[in-house]
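Student: The structure's right below; bear with me while I get my questions together.
The values are calculated or read from the model by the stated rules, or taken from the named source; none is laboratory data. Keep in mind the model is a prediction, meaning the values are calculated, not measured. Neighbour counts run over all protein chains shown; Cβ positions are idealised from the backbone, glycine included. All accessible areas refer to the heavy atoms of the entire protein, side chains included, with ligands and DNA or RNA removed. Shrake-Rupley method; radii C 1.70, N 1.55, O 1.52, S 1.80 Å.
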Amino acid sequence: MMRRTRTGLTVELIEEISHEKGEPKWMLERRLRSLRIFEKLPMPRFGPDLSEVDFADISYYLRTVEPVQNWDELPEEIRRTFEELGLPEAERKALAGLGAQVDSEVVYRSILQEVRAQGVIFEPMEEALRNHPELVRAHFMKVIPPEDNKFAALHGAVWSGGTFVWVPEGVEVEIPLQAYFRMQTQGVGQFEHTLIVAEPGSSVHYIEGCSAPRYTRVALHSGMVEIVAKEGAHVRFTTIQNWSRNVYNLNNKRAIAYAGAAVDWVSGSLGSKVTMLYPSTILAGKGAKTENLSFSFSRDGQWLDLGARALHFAPDTSSRLVSRSVVQGKAKSVFRGKLYVAPEARGAKGHVECSTLLLSPEAETETIPTLDVRNDEVEVGHEATVGRVSWEQLFYLMSRGLDEAEAMSLIVNGFVSPILREIPFEYAVELRRLLEMSFAEAIG
Amino acid sequence: MAILEVKDLVVSVEGKRILNGVSLSLEEGKVHALMGPNGSGKSTLAFAIAGHPGYVIESGRIFFVGEDITEVPPHERARKGLFLGFQYPPEVEGVRLREFLRLAAANCQEPFCEFQKLYREALEYLHMEDLGERELNVGFSGGEKKRSELLQMRVLRPKVALLDEPDSGVDVDALRLIASGIEEAARSGTAVLLITHYPRILEYLPPAKVFILDEGRVVKEDGPELAWEIERTGYEAVR
Ligand SMILES: Nc1ncnc2c1ncn2[C@@H]1O[C@H](COP(=O)(O)OP(=O)(O)OP(=O)(O)O)[C@@H](O)[C@H]1O
Ligand SMILES: [Mg+2]
């Protein structure tokens with residue numbers, strides 16, 4: 001349990017962070033308020049064991065964290081994976097925290113030019129705070145207030161880095177926006193804050209993370225994503241997470257969708273020691289929609305505690321929460337699918353579907369659906385299945401010349417394909433390679 | 001020359017002995033029929049030759065083009081040119097037939113462009129154009145599954161094809177297609193072991209030899225007329 005006496009988090013530290021960043025006074029006040037809330041709130045009362053998270057021992061301001069100096073510091077497993085994926089040198093370095101990536105910098109600039117011409121704001125959070133203080137102020141931590149949970153409050157106190165996206169009315173951003181390394185290195189992605197505001201009738205797809213393993217020495221990652229989709233806007237948010245196995249990855253992600261808006265969450269979780277992630281959508285206006293597609297691959301020693309929530313507060317809203325979890329070795333995978341339908345949300349439709357594929361006898365899984373429906377004029381459904389790879393299937397594929405690892409990864413790929421299909425091509429290809437490698441290792 | 005040779009094969013499944021010393025050999029470019037009552041061990045023999053780990057070879061050997069493959073894992077047997085058409089092909093969700101076959105073909109050293117051509121041609125030949133982009137056997141009808149097996153054989157062009165009841169549950173037109181597909185394969189050199197209950201398919205495809213399996217043993221081996229004899233008199237006469 002966390003120590004009651006002195007944590008490494010102090011008013012002075014927060015003041016220092018805020019001062020250093022040259023923040024407006026209101027932001028400092030919000031940070032300090034979050035700190036007070038953090039101190040009062042209890043640790044989450046469900047899910048994985050977080051007793052090893054020592055708040056006193058975390059460097060909150062990453063400027064002070066030494067970057068990795070050389071290859072030898074990287075875990076052997078990660079170095080091998082980089083090699084097998086055939087990543088270019090520059091990219092490996094960036095992923096290892098060894099330096100910024102030159103190529104992506106160039107891509108980033110050209111994309112930036114293109115979207116800025118459409119009037120889109122796509123900036124590091126710190127810059128946005130300077131350049132567009134009123135816009136940021138109006139939305140920052142309004143979808144997820146610090147009172148929501150202990151890690152939201154922590155984030156509110158110490159956030160650093162991240163991205164701000166604002167899409168003007170009616171503008172459709174064609175290319176998916178990605179947080180390039182330039183942005184990520186600013187906060188080394190520990191407490192980064194991503195805020196996306198889509199004005200009425202606009203659309204945007206944002207991609208975060210990457211499928212190649214990402215090494216960090218920092219043991220706690222607690223980012224936040226807030227999305228505001230105004231009337232008729234469409235926002236899609238894709239995350240691929242493959243943190244190194246020392247990381248506690250405890251994120252908050254939530255969207256609010258106004259009338260006729262659509263928000264899609266697509267999440268792939270591979271890495272970390274412990275992950276808690278439950279992207280949520282508040283369906284606030286008539287006819288708002290959300291899709292929440294999640295896949296996870298847990299291996300030895302991991303506990304991936306995932307979920308999805310749809311909160312229906314308006315009539316004719318709809319939601320579809322789909323998850324595919326694969327568990328290998330002695331790992332644990334949990335999926336919490338929650339549907340809340342308010343009394344005024346007549347004509348709401350919601351569907352939760354979770355399937356798990358167990359690859360080993362020691363693998364553990366739990367699906368925890370919560371359907372809280374407060375009116376009669378709704379259509380809600382829930383399905384959950386747990387299965388194992390059958391010998392029959394495996395032998396069938398092998399009888400056509402696929403070796404066991406190939407056959408296994410094809411079956412697993414097939415199982416997660418409803419989600420993988422929704423992931424941009426380059427990522428999906430790399431994910432496939434990762435799965436294959438993992439089976440090749442397990443089978444030997 | 002015999003391209004596949006099975007010698008005194010004794011096989012058990014889950015501790016129960018199913019094959020009690022089966023010997024047979026298959027010749028290049030010829031069709032061989034394997035008949036026998038339900039439960040006599042026909043599928044067991046096919047699985048054992050293909051290397052299914054659940055079918056334990058207690059004794060006996062399997063030779064493929066002169067090489068002892070008794071201990072070779074199933075995927076390597078396939079890569080050498082052994083094919084098993086399943087009696088009950090399993091469904092594999094999320095895996096597309098094309099994608100799967102492309103991987104299989106690549107493992108069998110089939111160049112990609114050659115695969116594309118073969119695949120298109122095979123789909124057309126078997127009237128399966130609508131199934132080409134579907135998931136592997138998922139929701140296929142019984143007859144469609146049988147055609148899917150034959151399609152896979154056509155694309156992979158094996159040296160030896162063990163076809164477990166390719167004619168069960170298929171309509172007349174499909175039967176004719178399947179038979180002529182098998183005949184073509186044989187003509188191009190494939191040795192075929194055709195497991196069947198019905199002499200009808202053999203009308204299209206006269207076998208060089210008919211083997212009768214009963215209680216895990218080959219009890220008779222003769223020319224094509226044997227199939228008709230069985231049809232008339234049942235298995236009693238050969239026991
Ligand atoms: N996996 C298994 N577990 C237990 N028994 C099995 C298994 N596979 C086969 N058997 C048994 O082995 C015997 C032979 O089965 P096999 O499937 O080889 O017969 P078959 O000749 O192909 O029959 P059919 O004409 O009905 O297809 C049967 O008694 C069957 O029950
Ligand atoms: Mg059989």
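Student: Hey, which of the strands (runs of 3 or more DSSP E) in segment A:333-444, taking only ones fully inside, have at least 3 residues that are more than 14 Å from every other protein chain (Cβ to nearest Cβ) and acidic (Asp, Glu)?
Tutor: A:364-373
Student: Does B:LEU150 satisfy being more than 16 Å from ligand 1 (Cβ to nearest atom), at pLDDT below 95 and open to solvent by less than 20 Å² (accessible area, probe 1.4 Å)?
Tutor: Judged against the criteria, B:LEU150 is not a match.
Student: Just checking, how many residues over segment B:65-79 are touching a Lys or Arg at 6+ places or on another chain (Cβ under 9 Å) and more than 14 Å from every other protein chain (Cβ to nearest Cβ)?
Tutor: 4
Student: Now for a separate question. Could you list, in sequence order, the residues of segment A:29-42 that are in a loop (DSSP other than H, G, I, E, B) and surrounded by 14 or more Cβ atoms within 10 Å (Cβ to Cβ)?
Tutor: Result: A:LEU41, single match.
Student: Kindly check whether there is at least one residue in segment B:182-190 that is of a type in the set (Ser, Thr, Tyr) and closer than 20 Å to B:GLN87 by Cβ.
Tutor: yes
Student: Give the residue, chosen from B:GLN152, B:GLN87, that is touching a Ser or Thr at 6+ places or on another chain (Cβ under 8 Å) and closer than 19 Å to B:ALA174 by Cβ.
Tutor: Just a single option satisfies the conditions, and that option is B:GLN87.
Student: Report the residue count in segment A:296-308 for those that are under 15 Å from the mean Cα position of the chain (by Cα) and open to solvent by 10 Å² or more (accessible area, probe 1.4 Å).
Tutor: 0
Student: Whether any residue in segment B:17-25 is more than 11 Å from ligand 1 (Cβ to nearest atom), closer than 17 Å to B:ALA191 by Cα and assigned to a loop (DSSP other than H, G, I, E, B) is what I want to check.
Tutor: Checked segment B:17-25: no residue is more than 11 Å from ligand 1 (Cβ to nearest atom), closer than 17 Å to B:ALA191 by Cα and assigned to a loop (DSSP other than H, G, I, E, B).
Student: Within segment B:12-28, take every residue that is under 20 Å from the mean Cα position of the chain (by Cα) and open to solvent by 30 Å² or more (accessible area, probe 1.4 Å) and give me the one that is farthest from B:ALA179 (Cα to Cα).
Tutor: Checked segment B:12-28; the qualifying residue farthest from B:ALA179 (Cα to Cα) is B:VAL13.
Student: Further question on the same structure: Taking the condition of being within 11 Å of ligand 2 (Cβ to nearest atom) and among the polar types (S, T, N, Q), how many residues in segment B:7-50 meet it?
Tutor: Final tally of qualifying residues: 4.
Student: Take segment A:253-272 and flag every residue that is assigned to a loop (DSSP other than H, G, I, E, B), more than 28 Å from A:PHE415 (Cα to Cα) and in contact with a strand residue (DSSP E or B) (Cβ under 7 Å, 6 or more places away or on another chain).
Tutor: A:TYR258, A:ALA261 - these are the residues of segment A:253-272 that are assigned to a loop (DSSP other than H, G, I, E, B), more than 28 Å from A:PHE415 (Cα to Cα) and in contact with a strand residue (DSSP E or B) (Cβ under 7 Å, 6 or more places away or on another chain).
Student: Evaluate the following for B:TYR198: is it touching a Gly at 6+ places or on another chain (Cβ under 8 Å) and within 16 Å of ligand 1 (Cβ to nearest atom)?
Tutor: no
Student: Report the residue count in segment B:108-141 for those that are under 22 Å from A:PHE415 (Cα atoms) and either within 14 Å of chain A (Cβ to nearest Cβ) or open to solvent by 50 Å² or more (accessible area, probe 1.4 Å) (or both).
Tutor: Total meeting the criteria: 9.
Student: Shifting gears a bit: Among B:ARG98, B:ARG77, which is the only one that is within 23 Å of B:GLY142 (Cα to Cα), more than 16 Å from ligand 1 (Cβ to nearest atom) and crowded, with 17+ Cβ neighbours inside 10 Å?
Tutor: Result of the check over B:ARG98, B:ARG77: B:ARG98.
Student: Now for a different question. So which of B:PHE63, B:PHE47 ends up being open to solvent by 10 Å² or more (accessible area, probe 1.4 Å), near ligand 1 (Cβ under 9 Å from one of its atoms), under 18 Å from B:GLY81 (Cβ atoms) and not β-branched (Val, Ile, Thr)?
Tutor: The conditions single out B:PHE47.
Student: Given (1) assigned to a loop (DSSP other than H, G, I, E, B); (2) more than 15 Å from the chain's Cα centre (by Cα); (3) at pLDDT 95 or above, identify the lone condition not met by B:ARG61.
Tutor: (1)
Student: Mind checking which pairs have a first residue in segment B:24-43 that is within 14 Å of another protein chain (Cβ to nearest Cβ) and a second that is at pLDDT 95 or above and within 16 Å of ligand 2 (Cβ to nearest atom), Cβ under 6 Å, 6 or more apart or different chains?
Tutor: Cβ pairs passing all conditions: B:SER43/B:GLN87; B:SER43/B:ASP164.
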